[in-house]
Structures are given as structure tokens and as C-alpha cells.
Amino acid sequence: MLINIGFDISYTAFMPTPMVVMLSVHPSRVGDLVAPENITTNPPQPIHYYHDSFGNFCGRLLLQPGQTTLSNRASVRDSGLPDVVMPDAQQIPVENLPDEVILYLLPSRYCEIDRMVDLAWSLFGHTPMGWARVQAIVDYVHNHVTFGYQFAAPTKSAHDVHSERQGVCRDFAHLAVTLCRAMNIPARYCTGYLGDIGVPKDPAPMDFSAWFEVYLSGHWYTFDARHNHPRIGRILMGRGRDAADVPISTSFGRTSLDQFTVHTDEVVPA
């Protein structure tokens with residue numbers, strides 16, 4: 001399967017403003033690109049690229065006063081297969097986890113485990129360990145939270161999401177990640193493209209999406225608490241502890257977001 005991806009995102013800066021963007025395909029998917037990505041700016045601005053501490057591909061640029069539009073057009077090869085489902089995958093005792101995985105058991109900016117550990121154990125302590133427990137958490141979050149773009153808020157934590165019972169895809173992911181970590185299941189936050197491939201078209205505006213991965217039986221597996229269904233055509237951009245580690249952009253000064261258009265489309269053979 002071939003998937004066309006891209007975006008046009010415009011910012012206005014009021015003075016020269018440094019910015020870091022995470023808009024590239026994740027290094028693990030670079031080999032699937034038909035041609036190397038070429039993120040452009042209008043007016044032209046040089047972009048310096050580097051890898052962050054999580055292995056994500058980031059770009060640094062200096063916005064000049066006025067409006068700058070960042071654009072990208074690329075094509076990605078994909079297996080066309082839905083997310084892997086492995087019901088026999090087992091939870092690994094904390095003492096046996098690899099050192100590099102322990103990070104994904106700890107609290108983070110939007111995932112305050114200490115405030116939710118008692119709730120998590122009261123809800124899921126009776127469930128079978130492993131895949132079934134993660135699925136029980138996903139089912140709970142999916143049914144507990146109502147999705148809506150109008151519910152987005154950059155300061156909303158997992159505890160807030162659980163109390164308010166509403167949010168966007170990142171909020172579903174934060175709550176599920178927090179509940180998994182509270183049950184000693186390593187979980188990490190993911191962001192990327194997710195088009196309506198293999199499912200009915202969503203009338204809501206397309207956007208980047210958030211999901212999460214859990215570590216079971218020595219492998220990372222994808223789960224999605226918003227959709228709660230294996231999906232086709234996820235194009236990963238970033239992984240981290242939560243959304244604070246993988247923001248689309250971080251400006252070091254005052255900017256306004258003027259345009260945000262994202263597309264992800266399957267290329268249908270003629």
C-alpha cells in the first residue's frame with residue numbers, strides 16, 4: 001500500500017523567534033519513504049535537524065517576524081495490515097524489565113500515576129495480567145471519555161481527563177498510558193499520521209493522531225483508546241513519555257497558529 005502524507009502549517013511571529021518542530025516521519029519509518037522528505041518553509045528559512053533523547057527527528061529554525069508556512073508532501077509504503085493483536089502477550093515482572101523500559105513506568109508531565117494508582121488497581125486488579133489487562137484499560141477509557149475537538153486543552157492531564165470525561169485523542173492516550181503504568185505495564189505515548197483507511201470516512205477535520213504502545217513479552221504493541229480497533233496505515237512521527245516529549249512545535253517566544261491542514265490518503269491504483 002502507498003499512502004500520501006503532508007501538511008501546511010502557518011505561524012505568525014512578532015519578533016525573531018526560535019522554534020523546534022517535530023514534523024518528520026520517525027526514523028523507524030524513513031526506509032518506507034518513496035523519496036526523502038523535504039519540509040519547506042515560505043518564506044524560505046534554514047532548518048537544522050537533530051535526534052532528540054527519544055530518537056525522534058526534530059528540526060530547529062528561526063521564525064522571522066510575520067507569517068511562515070511549513071509544508072510537506074511525501075509518500076510512504078505501508079504493509080496495509082492492521083495493528084498487531086497478540087492476546088497471549090504477557091506482562092513482564094518489573095524486576096525483569098530491561099533498564100531502558102523502566103522510564104515508561106514513571107510519572108510524567110501529563111501522566112500523574114500517584115493520583116490514579118488506587119483507582120487503577122480498584123478497576124483492573126482483578127483482570128488477567130498481560131494483553132487482557134491492557135485491553136480492559138483501553139475498553140474503559142474508550143467508554144469513559146467522549147471525543148470532541150472542542151474539548152482540547154494543552155494543560156489537561158490524565159487525571160483531568162478522567163474527571164471531565166471528555167477530550168481529544170491525546171487525552172485518551174494519556175489516560176490509558178497512566179492507568180497502564182499504574183498497573184506496572186510500561187507504556188509510551190506516540191503521535192503520527194492516521195488516515196481513515198479501511199474505515200468509514202470521518203467527517204471531522206483530519207489531524208495528526210495520538211495512540212500508545214505497551215511493552216509485553218519483550219515487544220512493543222500498539223493500542224488506541226480513542227478508536228479501540230486495529231487500524232491500517234499508522235505513520236509514526238514521534239514517541240515519548242507523553243505529549244510534552246513529542247510536540248508538533250515548540251516556540252521560544254510568542255507566536256500564533258494561523259493554519260493547520262494535514263492530509264493522509266491511500267493511493268488507489270488506477
If one compares the long axis through the Cα atoms of helix 169-182 with the longest principal axis of the Cα atoms of the chain, the angle in degrees, nearest 10, works out at 40 degrees
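Where both residues lie in the chain, what percent of DSSP beta bridges are antiparallel, nearest 5? Intermediate values should be presented prior to the final figure.
Details: 58 of 60 bridges.
Here the antiparallel bridges make up roughly 95 percent for the chain.
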Output for segment 3-41: chymotrypsin sites (Phe, Trp or Tyr not before Pro) sitting in coil per DSSP, at most 12 other Cβ within 10 Å, listed by number, reads Phe14
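Using only the Cα atoms of segment 221-270, build the gyration tensor, take square roots of its eigenvalues as a ≥ b ≥ c, and label the shape rounded, prolate or oblate: rounded if a/c is under 1.5, else prolate if a/b is larger than b/c, else oblate. Walk me through the numbers on the way to the answer.
On the way: a/c = 2.76, a/b = 1.39, b/c = 1.98.
Verdict is oblate for segment 221-270.
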Segment 231-257 scanned against label point 7 Å out from Tyr149 along Cα→C-beta; backbone N under 18 Å for 248-249, 257
In terms of the alpha carbon gyration tensor, root eigenvalues a ≥ b ≥ c, rounded if a/c is under 1.5 and otherwise prolate when a/b exceeds b/c or oblate, segment 24-74 is oblate
Taking a label point 7 Å from the Cα of Thr261 along Cα-to-Cβ, the residues of segment 63-89 whose backbone nitrogen sits under 16 Å from it are 68-74
The local net charge around Ala244, scoring Lys/Arg +1 and Asp/Glu -1 for residues other than Ala244 whose Cβ lies under 13 Å from its Cβ, equals +2
Under the 7 Å Cα-to-Cβ spin-label approximation, Val101 and Ser71 lie apart by a distance in nanometres of 4.5 nm
What the 5 Å binned alpha carbon P(r) of segment 11-103 shows, as percent of pairs per bin from 0, is 3, 10, 16, 14, 14, 13, 11, 8, 6, 4, 2, 0
Charge tally for neighbours of Trp131 with beta carbon under 15 Å away, counting Lys, Arg as +1 and Asp, Glu as -1, is -4
Projected onto the charge dipole of the chain (unit charges on the beta-carbon of Lys, Arg, Asp and Glu, signs +1, +1, -1, -1), the Cα from Ile232, Leu175, Gln45 with the largest positive-side position is that of Gln45
In degrees rounded to 10, the 0-90 angle between helix 131-144 Cα long axis and the longest Cα principal axis of the chain is 70 degrees
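Sum up the charges of everything whose Cβ sits under 14 Å from the Cβ of Lys156, counting Lys and Arg as +1 and Asp and Glu as -1, but leave Lys156 out. Working shown, then result.
Numbers: positive: Arg109, Arg115, Arg165, Arg170; negative: Glu112, Asp160, Glu164, Asp171, Asp242.
Summing Lys/Arg as +1 and Asp/Glu as -1 gives -1.
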Matching label for the computed Kirkwood radius over Cα pairs in Å, out of [x] 18.5; [y] 19.4; [z] 20.3, is [y]
Expected sort for 192-200, 249-257 on mean C-beta neighbours within 10 Å, highest first, is 192-200, 249-257
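Just so you know, all these numbers are worked out from the coordinates, no wet-lab data involved. Not measured: the values here are computed from a predicted model. Counting neighbours? That spans all protein chains shown, and the Cβs are built from the backbone with ideal geometry, glycine included.
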